[in-house]
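Enquirer: Sending over a structure as structure tokens; questions will come in a sec.
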Amino acid sequence: MKLPARLRYGSVVILITAALLPTGASAQLGYIHLQGDQFIDEHGDPFYPMVMNYYVDYFYQGTEGMFPADPTALEVGTLRFGRSSLWSCVGWYNYPPVQSQQAFLQDMSEMKAQGFNTVRFVSNATKKEGVAGFNLSAKYHPSGQGGIAKNMDPPYDPDLNTNPVVWFHFNTILAVCSLANTLGMKVIVEPVLGPELVRCFPNDAVNLDHIAFLEALAQFLAAHQVHNLLAYEFYGEPTFADQGMGSQHTKAQICELAHSWSNAVRIHDPDHLVTIGSVYHTDVMYEGWDPMLLDVDFATIHVYPLMDEWEWQQDPATFLAAATERYSNMFKFYDAHLRKPYIVTETGFSGEDPFVQCSTTPNPLIGYPMTCWGDETHQNDFLEATFAGIRDSRCAGYGWWIYMNMHWLPEPDVNNVNTKPLNTWKERYFGILRFGDPVSNPAPGTTGGEGSRKQAAQTMADWATNPPAYAPFGAIPPTLDMNERYYNQYMHPPNNITYDNPNVPGSPNQYGTLTGRVVDAATGEPIAGAVVHANNSTHMGLDINNNLVPQIRAYVTYTDNDGWFELRALDPRPGLLVNNNGNPLDGSGMSDWTIQDIKIAGHATEQVQVNGHFEQGDTYEVNTLQPRIDRVVENEYVAQGTTEHFDALASFTTTGVVIDGTSDLKARYEVYLTAEFHAAQGSETHIYTEPVFFTCDEVYDADLKSATGSNAHLVARERVAPRQMQLQFALPVEEFTVDIHPNPTNGIVTCLVRTTDAEATEITYLLVDATGHVVLRSSVSGLRFQIDLSALAPGTYVMHLSTGNHTVERTLVKQ
């Protein structure tokens with residue numbers, strides 16, 4: 001933009017929030033895109049994604065267990081897809097194979113009736129371990145058993161005769177989108193699964209094979225112009241999958257992996273968004289996929305009210321209120337500190353099913369079976385207490401896990417002992433529909449799922465037509481307040497007890513409340529929203545069968561705006577089988593409730609680990625890129641004949657910036673020009689908003705380690721050519737305009753004059769016809785008046801209105 005003259009803005013603040021077109025590299029209108037935190041649908045209308053998670057089963061007919069691993073085109077032609085048997089006691093197999101899509105559509109109709117407008121389609125394709133290719137799971141019809149792997153190997157050509165399994169998988173994704181579109185539903189697709197996807201490294205053979213798959217899928221969907229595809233989701237919970245691997249990733253390597261996937265899609269399908277999932281605060285820790293560092297258009301987060309089962313060892317009379325408060329505080333952390341668009345694609349609260357009991361034995365400490373978090377009423381209370389707060393925050397969308405209670409059974413080990421993890425048992429009851437199949441052929445105007453709705457499902461259905469009132473979560477205080485600001489994990493007051501670790505004599509540790517501060521290692525500036533995580537050493541707790549076994553407990557909190565935190569260890573509650581010193585009453589000597597092994601990290605920061613002694617009020621220094629997120633530039637000068645660009649990931653503010661040369665100023669959300677911003681005559685300055693991402697070189701250079709070992713220098717990602725929005729600057733002028741209504745008219749019109757001229761109290765007007773003759777002339781007092789045109793012939797007239805200082809013309813049509 002060429003500025004014709006030197007402009008001085010003094011104390012004036014210019015706030016630019018006009019987001020551009022789609023955030024993809026060259027996304028076009030007609031596809032779903034983002035403007036800031038607002039999704040815009042394929043028709044150009046704002047919409048709020050309401051997401052229901054859903055699996056789709058692939059199945060075959062023939063002889064059980066005999067479908068070939070490498071099917072021919074003819075054999076693949078017999079594969080179908082339909083309602084997942086994960087959430088049905090009897091199975092969807094009461095539908096004949098040729099009607100499998102009818103089962104899918106019936107579920108989509110029930111989701112829509114509950115107010116959901118988007119389905120998160122989770123794939124049945126899993127990455128093979130260590131070699132090229134994927135496994136596609138197909139089940140036997142009509143039993144729904146099996147899960148036999150079919151080879152989906154490169155090259156990923158979706159031609160029926162070249163690679164029939166790829167053909168089937170790609171066309172199923174296309175069919176799911178097409179069927180959902182018939183109901184006005186959007187689709188988020190997670191096309192492949194498997195921990196191998198996130199355990200690979202940027203340029204190894206496994207990742208290159210994954211990139212080849214993504215490129216082929218992107219070409220296929222781009223060619224079919226799937227307008228209701230909301231996003232490709234590369235992985236739902238990569239941090240969980242990455243934990244425990246032998247060779248850990250650095251944050252720079254994770255940045256490069258995410259970029260390689262995004263780039264593979266954007267090159268071949270620039271019209272669709274891309275995303276990666278996040279799970280809890282651990283994303284910013286070692287082996288963590290920090291969403292601020294990922295080159296994706298938005299983050300999908302999974303937020304649940306309980307982070308581990310042992311948090312249930314608290315007062316059963318207050319567990320729901322405590323869990324809801326912890327959840328709300330944890331959610332506020334994302335809302336305040338994840339400074340990029342995000343959507344909650346998974347949340348929920350398990351509620352037992354009257355048809356399939358969670359457990360027959362209540363846990364004696366909480367008075368409730370540990371395989372559920374509560375009953376249907378508890379589940380519904382959680383929804384009602386948290387939904388509006390999420391909807392009315394920065395969060396760009398809401399999603400529930402999951403559609404119907406899951407028909408998963410305990411998995412036997414080699415000794416035929418049930419060893420299914422406790423959280424998997426619990427996940428059986430997250431559905432908002434109960435166990436059982438819907439009505440196969442519902443009556444007109446119904447979905448067939450009405451009789452299976454839990455209270456939460458019926459609440460969602462009621463909200464579809466009468467949503468809850470505006471009710472955002474309250475603002476978090478900027479300074480330390482454990483009960484309002486933080487994920488106060490155990491909901492108890494501070495204490496100040498220290499004692500020697502009984503398991504490590506002579507090693508004092510903090511038992512109670514530890515305070516400290518986190519600052520930028522380079523500047524000493526406080527780090528807001530850093531996650532502080534610690535463990536105690538082994539103590540005794542109850543397992544799923546209420547046996548006393550060794551357990552590890554985590555303590556978590558966040559820093560305030562001044563970098564301070566309080567980390568509270570657990571006060572053992574009477575009944576937890578320990579005494580006041582945290583030692584077990586059974587004399588085993590296995591319990592130690594002290595705070596140990598502190599880990600500190602935040603969005604776009606390194607991780608600091610403190611394994612040794614620590615004192616009250618210690619300061620912890622971390623390397624960080626956080627100043628690049630909300631960036632402030634002060635007293636910068638761009639000389640004539642030079643070029644310098646400034647950007648930020650979220651907001652950008654200038655103070656005392658003078659531009660004589662060429663400069664771009666951009667950020668995702670806002671650009672503020674404040675306090676003596678100057679652009680000289682002949683300079684060229686572009687000011688606009690667009691998505692900005694970290695480059696992996698930036699992450700490497702900032703030394704944001706997230707694991708042991710050395711960093712390898714990574715190639716910077718290609719920068720997409722920016723979209724520019726031209727802005728025009730003009731000095732204030734006195735305003736004089738007129739609104740005429742109705743126009744055209746067949747009788748009386750009303751004129752409303754708008755002016756900043758205080759002396760404009762008498763208005764003179766005249767009407768001129770097409771021949772140039774004045775047909776009507778008058779003067780009026782006041783800025784609002786009416787003119788009767790009933791006596792004039794039909795035609796077009798020019799109205800001239802004037803005061804002593806201003807004149808304006810308007811065209812007026814008489815019908």
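Enquirer: Between H227 and T465, what is the label-point separation in nm under the 7 Å Cα-to-beta-carbon projection?
Expert: According to this spin-label approximation, the distance is 2.9 nm.
Enquirer: Grab the Cα-Cα distance for I267 and T796, subtract it from 0.36 nm times how many residues apart they are, and report the gain in nm with one decimal.
Expert: Net length gain for the segment: 185.1 nm.
Enquirer: Convert each backbone phi in the stretch 47-62 into a coupling constant with the Karplus relation 6.51 cos²θ - 1.76 cosθ + 1.60 (shift: θ = phi - 60°), then list the ³J(HN,Hα) values in order as whole Hz, x for Gly and Pro.
Expert: Whole-Hz 3J(HN,Hα) from phi for the stretch 47-62: 8, 10, x, 10, 9, 10, 7, 7, 9, 10, 7, 9, 8, 9, 10, x.
Enquirer: In addition: Straight-line reach only, C-alpha to C-alpha below 12 angstrom: list the aspartates and glutamates that K139 could link to, leaving out same-chain residues fewer than 8 apart.
Expert: Of all the aspartates and glutamates, those that pass the test against K139 - Cα under 12 Å, at least 8 places apart if same chain - are D57, E64.
Enquirer: Pairwise over distinct Cα atoms, reciprocal of the mean inverse distance: report the Kirkwood radius of the stretch 121-275 in Å, one decimal place.
Expert: Its Kirkwood hydrodynamic radius stands at 16.2 Å.
Enquirer: Ordered by residue, what ³J(HN,Hα) values in Hz, to whole numbers, does the stretch 690-697 give under the Karplus form 6.51 cos²θ - 1.76 cosθ + 1.60, where θ = phi - 60° and Gly and Pro are x?
Expert: Each residue's phi maps through the Karplus curve to give 6, x, 10, 10, 5, 8, 5, 5 Hz.
Enquirer: Step through the table entries K112/K150; K186/K332; K251/K340; K127/K150, compare each Cα-Cα distance with 22 Å, and write down the pairs that go over it.
Expert: Where the Cα-Cα span goes over 22 Å, the pairs concerned are K112/K150; K186/K332.
Enquirer: How much length is gained on full extension from A73 to N181, taking 0.36 nm per residue of separation minus their Cα-Cα distance?
Expert: 36.1 nm
Enquirer: Grab the Cα-Cα distance for D159 and A212, subtract it from 0.36 nm times how many residues apart they are, and report the gain in nm with one decimal.
Expert: 17.5 nm
Enquirer: Amide H of S123: which non-local residues (sequence gap of 5 or more, or other chain) have their own amide H closer than 5 Å, using H built in the peptide plane?
Expert: Sorted by chain and number, the residues that satisfy this are E190.
Enquirer: How much area per residue is accessible in the stretch 599-699 when the probe is 1.4 Å and only protein heavy atoms are counted (Å²)?
Expert: Averaged over the residues of the stretch 599-699, the accessible area is 35 Å².
Enquirer: On to the next question. What does the accessible area of L74 come to, in Å² to the nearest 10, when a probe of 1.4 Å is used?
Expert: About 150 Å², ignoring ligands and nucleic acids.
Enquirer: Using the per-residue mean of other Cβ atoms lying within 10 Å as a proxy for protection, in what order, highest first, do the peptides 626-633, 164-171 fall?
Expert: 164-171, 626-633
Enquirer: Compare I476, I402 by solvent-accessible area with a 1.4 Å probe and give them largest first, with all protein chains kept in place.
Expert: Result, largest first: I476, I402.
Enquirer: Let me ask another. Report the accessible area of Y140, computed with a 1.4 Å probe over the heavy atoms of all protein chains in place, in Å² rounded to the nearest 10.
Expert: 40
Enquirer: OK, next. At R0 = 51 Å, how high is the FRET efficiency between D664 and N805 if r is their beta carbon distance? Nearest 0.05 is fine.
Expert: 0.80
Enquirer: Separate question: Taking K and R as +1 and D and E as -1, what net charge do the other residues with C-beta under 14 Å from the C-beta of Y48 add up to?
Expert: Around Y48, the charge tally is -1.
Enquirer: With a 1.4 Å probe and all protein chains left in place, how much accessible area per residue does the stretch 113-188 have, in Å²?
Expert: Value returned for the stretch 113-188: 33 Å² of accessible area per residue.
Enquirer: In terms of modelled amide H atoms, which long-range or inter-chain residues lie less than 5 Å from the amide H of H686?
Expert: Correct list: S663, D664, L665.
Enquirer: Let me ask something additional. Quick check: with the 1.4 Å probe, what order do E621, E376 take by accessible area, largest first?
Expert: Largest accessible area first, the residues go E621, E376.
Enquirer: Still on this structure, I have one more. Provide the per-residue ³J(HN,Hα) series for the stretch 644-659, in order, calculated from phi with Karplus coefficients 6.51, -1.76, 1.60 and θ = phi - 60°, each as a whole number of Hz, with x at glycine and proline positions.
Expert: Per-residue couplings from phi come out as 8, 10, 10, 8, 8, 6, 10, 10, 10, 10, 10, 9, x, 9, 10, 10 Hz.
Enquirer: May I ask you to give the solvent-accessible area per residue for the stretch 736-815, in square angstrom, as obtained with a 1.4 angstrom probe?
Expert: 57
Enquirer: To continue, here is another question. Quote the accessible area belonging to S350 in square angstrom, nearest 10, computed with a 1.4 Å probe and with ligands, DNA and RNA left uncounted.
Expert: Taking all protein chains as shown, S350 has close to 0 Å².
The values are calculated or read from the model by the stated rules, or taken from the named source; none is laboratory data. This is a predicted model, so every value here is computed, not measured. Ideal geometry is used to build each Cβ from the backbone, glycine not excepted, and the neighbour counts take in all protein chains shown. Each accessible area value is taken on the protein alone, full model and side chains, heavy atoms only, with ligands, DNA and RNA left out. Shrake-Rupley method; radii C 1.70, N 1.55, O 1.52, S 1.80 Å.
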